[in-house]
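S.K.: What follows is a single structure, and I will ask about it in a moment.
Bear in mind these aren't lab numbers, they're just calculated from the coordinates by the rules spelled out. Note that the structure is a prediction, hence the values are computed from the model and not measured. In this analysis, Cβ positions are derived from the backbone assuming ideal geometry, glycine residues included, and neighbour counts consider all displayed protein chains.
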Amino acid sequence: MELEPIEGPELELKAAFSWNQRTGSEDPNLRFGTARTIAAFANTAGGQLRIGYDDHGNAVGIEQELRALFDHDFLDQFEQLLHEYLKRTLFPYPFRAYDVSFRRAHEVWVCTIDVTPVPTVTYVCQKDDAGEMKHLVFVRTGNRTITLTNLALIRLVPVCSANRAWSSSS
C-alpha cells in the first residue's frame, strides 16, 4: 500500500485551484492560496504544490472543477487559466521557476506544480479593501505559508544574498 503525501516545508496539498466544492462556485480565495504557495516556495527552498488532494493526502481529483469551468480541452484550459492568473498576480513573474504537469492518481486527474527557488523576492500582488495594490511576501516555514512583516522583510534580503548569491548590484 502506497503512503499518501504529508504536507511539509516542500509540499503543499490543495483540493482545487479555483472551484469551491462546498459552494459549487468559483472562489478567488482559492486562487490566491495557490499564488501565495507558489511565491512562498519561490522565496524559500522550492517545493511542490499538488492540486486535487485533500488535507489528508487523498487524491480527490480536479474533474469537478474542470467540468464546471471548461467546455473542452480541460487540462489545457486549466493550465492556461493557472498561468494567466499567476502572470497577473506574481511580481516579478517567475515563469522559469515553476513547471505544471498533470497525471492520473487513483483514477482521477491531479495537477502538480514544481517550484524552484528564485534569486530575488517574489511578491503576490493583491488589492486591499480600499482598492490599493499591496505587494505581499510569503515564505514557507514547516508545513505553513506565512506572510512576512516589515521587520521580517528587512531580514529576508541578507538571507537571499547568502543563500542565492543575490547581490544589490544585480
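S.K.: Using a Gaussian network model on the chain with a 10 Å cutoff between Cα atoms, which of ASP71, ASP129, ASP27 fluctuates the most?
M.R.: ASP129
S.K.: In whole angstrom, note down how far apart the Cα centers of region 41-87 and region 112-149 are.
M.R.: 18
S.K.: If one takes the longest principal axis of the Cα atoms in the chain, at what angle in degrees, from 0 to 90 and to the nearest 10, does the Cα axis of helix 74-89 lie?
M.R.: 20
S.K.: In addition: Among all stretches of the chain without exposed chymotrypsin sites (Phe, Trp or Tyr not before Pro) (DSSP loop, at most 15 other Cβ atoms within 10 Å), which one is longest?
M.R.: It runs 96-170.
S.K.: Follow-up question, since we're still on this one. Evaluate 2.2 N^0.38 Å with N set to the residue count of region 1-92, then give the Cα radius of gyration divided by it.
M.R.: Relative to the 2.2 N^0.38 Å estimate, region 1-92 comes out at 1.10.
S.K.: Give me log10 I(q)/I(0) at q = 0.12, 0.17 Å⁻¹ for the chain, Debye formula, one equal scatterer per alpha-carbon, no solvent.
M.R.: -0.56, -1.06
S.K.: Report for the chain the percent antiparallel among DSSP-assigned beta bridges with both residues inside it, nearest 5.
M.R.: Rounded to the nearest five, the antiparallel share is 90 percent.
S.K.: Springs between alpha-carbon pairs under 10 angstrom, Gaussian network model over the chain: which of ARG88, ARG36, ARG140 fluctuates most?
M.R.: ARG88
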